[in-house]
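The values are calculated or read from the model by the stated rules, or taken from the named source; none is laboratory data. What you see is a predicted model; the values in this text were computed from it and never measured. Backbone-built Cβ (ideal geometry, glycine too); neighbour counts: all protein chains shown. Accessible surface is based on the protein model in full, side chains and every heavy atom, while ligands, DNA and RNA are left aside. Shrake-Rupley method; radii C 1.70, N 1.55, O 1.52, S 1.80 Å.
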Amino acid sequence: MAIEKTISIIKPDAVAKNVIGEIYSRFEKAGLKIVAAKMKQLSKEDAEGFYAVHKERPFFGDLVAFMTSGPVMIQVLEGENAVLKNRELMGATNPKEAAAGTIRADFAESIDANAVHGSDSLENAAIEIAYFFKPEDVVSR
Ligand code: RTP
Ligand code: MG
(Lines give C-alpha, C1' and ligand atoms only; values in the text may rest on other atoms or scores of the structure.)
(Ligands and ions follow the chains in the order given, each with its own letter.)
Protein backbone atom coordinates (compact mmCIF):
# COMPACT_ATOMS: atom_id res chain seq x y z
CA MET A 1 0.00 0.00 0.00
CA ALA A 2 1.21 3.49 -0.81
CA ILE A 3 2.66 5.82 1.83
CA GLU A 4 0.63 9.03 1.57
CA LYS A 5 0.57 12.43 3.23
CA THR A 6 -2.63 14.25 4.16
CA ILE A 7 -3.70 17.41 5.97
CA SER A 8 -5.53 17.30 9.27
CA ILE A 9 -6.88 20.42 10.96
CA ILE A 10 -8.11 20.37 14.54
CA LYS A 11 -10.83 23.03 14.36
CA PRO A 12 -11.43 25.85 16.90
CA ASP A 13 -14.07 23.88 18.87
CA ALA A 14 -11.71 20.98 19.58
CA VAL A 15 -8.73 23.26 20.33
CA ALA A 16 -10.97 25.09 22.84
CA LYS A 17 -11.94 21.74 24.41
CA ASN A 18 -8.23 21.00 24.98
CA VAL A 19 -8.31 17.64 23.19
CA ILE A 20 -5.38 18.11 20.76
CA GLY A 21 -3.45 15.36 22.55
CA GLU A 22 -6.37 12.94 22.55
CA ILE A 23 -6.84 13.45 18.82
CA TYR A 24 -3.08 13.09 18.14
CA SER A 25 -3.16 9.84 20.09
CA ARG A 26 -5.80 8.45 17.72
CA PHE A 27 -3.62 9.28 14.71
CA GLU A 28 -0.61 7.62 16.30
CA LYS A 29 -2.53 4.49 17.38
CA ALA A 30 -3.74 4.15 13.77
CA GLY A 31 -0.14 4.21 12.51
CA LEU A 32 -0.18 7.78 11.18
CA LYS A 33 2.92 9.87 11.89
CA ILE A 34 2.84 13.64 12.45
CA VAL A 35 5.46 15.02 10.03
CA ALA A 36 4.63 18.77 10.28
CA ALA A 37 2.48 20.80 12.69
CA LYS A 38 1.61 24.36 13.59
CA MET A 39 -1.01 26.24 15.55
CA LYS A 40 -2.47 29.20 13.70
CA GLN A 41 -5.18 31.81 14.03
CA LEU A 42 -6.60 31.80 10.50
CA SER A 43 -7.43 35.15 8.93
CA LYS A 44 -10.63 35.53 6.89
CA GLU A 45 -8.45 35.37 3.75
CA ASP A 46 -6.72 32.18 4.96
CA ALA A 47 -10.04 30.42 5.58
CA GLU A 48 -11.70 31.67 2.37
CA GLY A 49 -8.72 30.52 0.31
CA PHE A 50 -8.51 27.15 2.02
CA TYR A 51 -12.22 26.40 1.51
CA ALA A 52 -12.45 28.10 -1.93
CA VAL A 53 -14.06 24.94 -3.41
CA HIS A 54 -17.10 25.66 -1.20
CA LYS A 55 -17.40 29.39 -1.99
CA GLU A 56 -20.76 29.04 -3.78
CA ARG A 57 -22.27 26.86 -1.04
CA PRO A 58 -24.89 28.33 1.32
CA PHE A 59 -22.82 27.40 4.38
CA PHE A 60 -19.60 29.14 3.17
CA GLY A 61 -20.00 32.28 5.32
CA ASP A 62 -20.71 30.25 8.47
CA LEU A 63 -17.78 27.94 7.69
CA VAL A 64 -15.33 30.86 7.33
CA ALA A 65 -16.69 32.55 10.47
CA PHE A 66 -16.31 29.33 12.44
CA MET A 67 -12.80 28.53 11.15
CA THR A 68 -11.60 32.00 12.19
CA SER A 69 -13.34 31.96 15.60
CA GLY A 70 -10.21 30.70 17.40
CA PRO A 71 -6.86 29.03 16.76
CA VAL A 72 -6.62 25.80 14.78
CA MET A 73 -3.95 23.09 14.94
CA ILE A 74 -2.76 22.08 11.48
CA GLN A 75 -0.76 18.90 10.87
CA VAL A 76 0.51 16.76 8.05
CA LEU A 77 -0.07 13.05 8.67
CA GLU A 78 1.98 10.41 6.90
CA GLY A 79 1.35 6.70 6.59
CA GLU A 80 -0.10 3.88 4.54
CA ASN A 81 -3.36 4.98 2.95
CA ALA A 82 -3.22 8.18 5.06
CA VAL A 83 -5.97 10.09 3.23
CA LEU A 84 -8.66 7.44 3.70
CA LYS A 85 -7.38 6.35 7.12
CA ASN A 86 -7.70 9.92 8.44
CA ARG A 87 -11.22 10.26 6.97
CA GLU A 88 -12.20 7.00 8.69
CA LEU A 89 -10.81 8.19 12.03
CA MET A 90 -12.74 11.49 11.62
CA GLY A 91 -16.19 10.00 10.93
CA ALA A 92 -19.07 11.59 9.02
CA THR A 93 -19.27 15.39 8.53
CA ASN A 94 -22.43 15.57 10.67
CA PRO A 95 -21.53 14.19 14.12
CA LYS A 96 -25.08 12.84 14.47
CA GLU A 97 -24.21 10.47 11.62
CA ALA A 98 -20.63 9.73 12.69
CA ALA A 99 -19.87 6.13 13.67
CA ALA A 100 -19.21 5.38 17.35
CA GLY A 101 -15.57 5.77 18.32
CA THR A 102 -14.75 8.30 15.60
CA ILE A 103 -13.28 11.72 16.41
CA ARG A 104 -16.44 13.54 15.36
CA ALA A 105 -18.72 11.18 17.32
CA ASP A 106 -16.64 11.75 20.44
CA PHE A 107 -15.69 15.46 20.20
CA ALA A 108 -17.86 17.31 17.63
CA GLU A 109 -20.79 19.50 18.64
CA SER A 110 -22.58 20.09 15.33
CA ILE A 111 -22.10 20.03 11.55
CA ASP A 112 -20.35 23.43 11.85
CA ALA A 113 -18.33 22.77 15.00
CA ASN A 114 -17.24 19.31 13.87
CA ALA A 115 -13.80 19.08 15.48
CA VAL A 116 -11.58 18.18 12.52
CA HIS A 117 -10.90 18.65 8.83
CA GLY A 118 -9.19 16.08 6.65
CA SER A 119 -8.20 16.16 2.98
CA ASP A 120 -10.71 14.21 0.89
CA SER A 121 -8.35 12.98 -1.87
CA LEU A 122 -4.63 12.56 -2.51
CA GLU A 123 -4.80 15.38 -5.05
CA ASN A 124 -6.43 17.78 -2.58
CA ALA A 125 -4.02 16.67 0.14
CA ALA A 126 -1.08 17.91 -1.94
CA ILE A 127 -2.84 21.24 -2.59
CA GLU A 128 -3.77 21.69 1.09
CA ILE A 129 -0.28 20.77 2.37
CA ALA A 130 1.23 23.38 0.02
CA TYR A 131 -1.36 25.93 1.23
CA PHE A 132 -0.04 25.80 4.80
CA PHE A 133 3.53 24.44 4.71
CA LYS A 134 6.74 25.12 2.83
CA PRO A 135 8.30 21.90 1.45
CA GLU A 136 11.23 22.20 3.89
CA ASP A 137 8.83 22.31 6.86
CA VAL A 138 7.43 18.85 6.09
CA VAL A 139 9.67 15.94 7.05
CA SER A 140 9.41 12.31 6.03
CA ARG A 141 10.14 9.74 8.74
P1 RTP B 1 -13.95 19.06 6.09
O2 RTP B 1 -13.73 19.55 4.68
O3 RTP B 1 -14.04 20.17 7.11
O4 RTP B 1 -12.96 17.99 6.47
O5 RTP B 1 -15.35 18.34 6.17
P6 RTP B 1 -16.00 17.34 5.15
O7 RTP B 1 -15.06 17.03 4.02
O8 RTP B 1 -16.53 16.19 5.96
O9 RTP B 1 -17.22 18.20 4.62
P10 RTP B 1 -17.29 19.23 3.39
O11 RTP B 1 -18.43 18.81 2.53
O12 RTP B 1 -15.93 19.40 2.76
O13 RTP B 1 -17.69 20.59 4.11
C14 RTP B 1 -16.74 21.40 4.76
C15 RTP B 1 -17.28 21.84 6.10
O16 RTP B 1 -18.38 22.71 5.89
C17 RTP B 1 -19.34 22.51 6.91
N18 RTP B 1 -20.60 22.10 6.32
N19 RTP B 1 -21.73 22.60 6.69
N20 RTP B 1 -24.47 23.18 6.96
C21 RTP B 1 -24.08 22.28 6.06
O22 RTP B 1 -24.85 21.68 5.34
C23 RTP B 1 -22.67 22.01 5.95
N24 RTP B 1 -22.13 21.16 5.12
C25 RTP B 1 -20.80 21.21 5.35
C26 RTP B 1 -18.84 21.41 7.82
O27 RTP B 1 -18.25 21.99 8.97
C28 RTP B 1 -17.80 20.71 6.98
O29 RTP B 1 -16.82 20.11 7.79
MG1 MG C 1 -14.10 18.55 2.90
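Annotations for the structure displayed:
- Accessible area per residue in Å² at 1.4 Å probe, computed on the chain: 52 Å²
- The HN-Hα couplings worked out from phi for the stretch 49-60 by the Karplus form 6.51 cos²θ - 1.76 cosθ + 1.60 (θ = phi - 60°) are x, 5, 9, 4, 4, 9, 5, 8, 7, x, 8, 4 Hz, whole numbers, x standing for Gly and Pro.
- Net charge contributed by nearby residues that have their C-beta within less than 15 Å of Glu136 (K/R +1, D/E -1): +3
- Atom-type composition of the exposed protein surface of the stretch 1-133 places 53 percent of the accessible area on carbon and sulfur (1.4 angstrom probe).
- Computed label-point distance, nm, for sites Asn18 and Glu88 using a 7 Å Cα→Cβ extension: 3.3 nm
- Computed E for Met39/Met1 - FRET, C-beta separation, R0 30 angstrom, nearest 0.05: 0.45
- Too-long pairs where the Cα-Cα distance tops 19 Å, listed order kept, from Lys17/Lys40; Lys29/Lys85; Lys55/Lys134: Lys55/Lys134
- Pairwise Cα distances in the chain exceed 26 Å for 15 percent of all pairs.
- Coarse-grained scattering of the stretch 1-71 at q = 0.11, 0.15, 0.18, 0.25 Å⁻¹, given as base-10 log I(q)/I(0) from a Debye sum over alpha-carbon atoms: -0.34, -0.62, -0.83, -1.13
- Neighbourhood charge, 10 Å Cβ-Cβ cut-off, centred on His117 and excluding it, Lys, Arg +1 and Asp, Glu -1: -1
- Gap separating the Cα centres of the stretch 83-135 and the stretch 24-78, nearest whole Å: 9 Å
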